[in-house]
Amino acid sequence: MKEVIPVRRKHRKRIRLARFVVLLLFILIISGTIVAFGDNFSNREGSAISPRTVGSENTQSSIGPEPSPSSDQTVTPSHNKIFYNGTSEGKKVALTFDDGPDTIATPKILDILKENGIKATFFIVGTQAEAHPDMVRRIEEEGHAIGNHSWSHPHFDKMTKEEALQQIDDVQEQLKSIIGYSPSMVRPPYGALTKDEEKAIHEKGLDIVNWSVDTMDWSGASAKKIMELVHEELYPGGIILQHCFGGKDHLSNTIEALEQMIPELQEQGYTFVSVPELLGIPDKL
Ligand SMILES: [Zn+2]
């Protein structure tokens, strides 16, 4: 008997150990499932307000960080996606200038574009157009494309769909009264909007256009830094984000960089086109 008891004890110990292992495995499996589910859930959340649609778009009232949207989306000209770039065909690039117009940086940018015979795209903010309608007319008269960049540059993803649509509608009407037409393109401030807003904007027949290269000019990045970002991030079909109002020192960095960017990219074989030309979409609604 003396020998039997230790054997039973050993056996019980083994059973306990086995139970412990099974329990441990069970916990691991359950926690793994929760983590996996959590990941799926976050991804779905992410697609509701896509990280790609969140950008560092500058504003006169708030300057925020602007992570560049990824540019790996395929291009299909239709109202069911957000544009970040065009096709690589023809080695084209589109310059875009947001948040204006003003009467300091905007005319300087227009002068440089005119000297170089380049057509760019200006995403207009309603409050700025209200203050400087003549500058909106100059942009249009000089053959540049115009897009809607909201009335007062709010975060669309932090407001109701109705409020966001009102911001867009007000600028559509305003631009029609200044230049005779409403644009076909919308760039949400900061590149941020909800899925519902995205759908509603598309239902209005408007294209949503973000960017593939963020120059960070609004943050006061030097012309050298801006050029480094362009060298790193630009590929054929790219859309470059710059500003024509706000920033530090009235965007003297943007202007200095532009004077380098145009000849450099032309030397690399790039052709500058407007966003509607790059994407093959209409410029008017
Ligand atoms: Zn902006």
Listed by chain and number, the aspartates and glutamates with an alpha carbon less than 12 angstrom from that of Lys199, same-chain partners under 8 positions apart left out, are Asp207
With Rh as the Kirkwood radius over Cα pairs, the stretch 51-279 has Rg/Rh of 0.92
Simple spin-label estimate for Lys176/His79, 7 Å along Cα→Cβ, in nm, reads 1.5 nm
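At 0.36 nm per residue, and after removing the present C-alpha to C-alpha distance, how many nm does the segment from Glu141 to Ile112 gain when stretched out fully? Could the numbers behind the result be given before it?
Details: separation 29, 0.36 × 29 = 10.44 nm, distance 1.52 nm.
My answer for the length gained is 8.9 nm.
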Listing Tyr235, Tyr84 by rising number of other beta-carbon atoms within 10 angstrom, fewest first, gives Tyr235, Tyr84
Stretched fully, the stretch from Lys91 through Glu267 gains (0.36 nm per residue minus C-alpha distance, one decimal, in nm) 62.2 nm
Listed with the fewest Cβ neighbours within 10 Å leading, Lys114, Lys225 appear as Lys114, Lys225
Once both label points are put 7 Å beyond Cα along the C-beta direction, the Met159-Lys284 separation in nm becomes 2.8 nm
The pairs in Lys81/Lys284; Lys91/Lys284; Lys161/Lys204; Lys161/Lys284 lying past 21 Å Cα-Cα in this model are Lys91/Lys284; Lys161/Lys284
The exposure ranking of Ser88, Ser252, fewest beta-carbon neighbours within 10 Å first, is Ser88, Ser252
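Since every read-out is calculated from the coordinates, none of them should be taken as a lab result. Every value quoted in this text rests on a predicted model; they were computed, and no experiment measured them. Cβ: placed from backbone, ideal geometry, glycine included. Neighbour counts: every protein chain shown.
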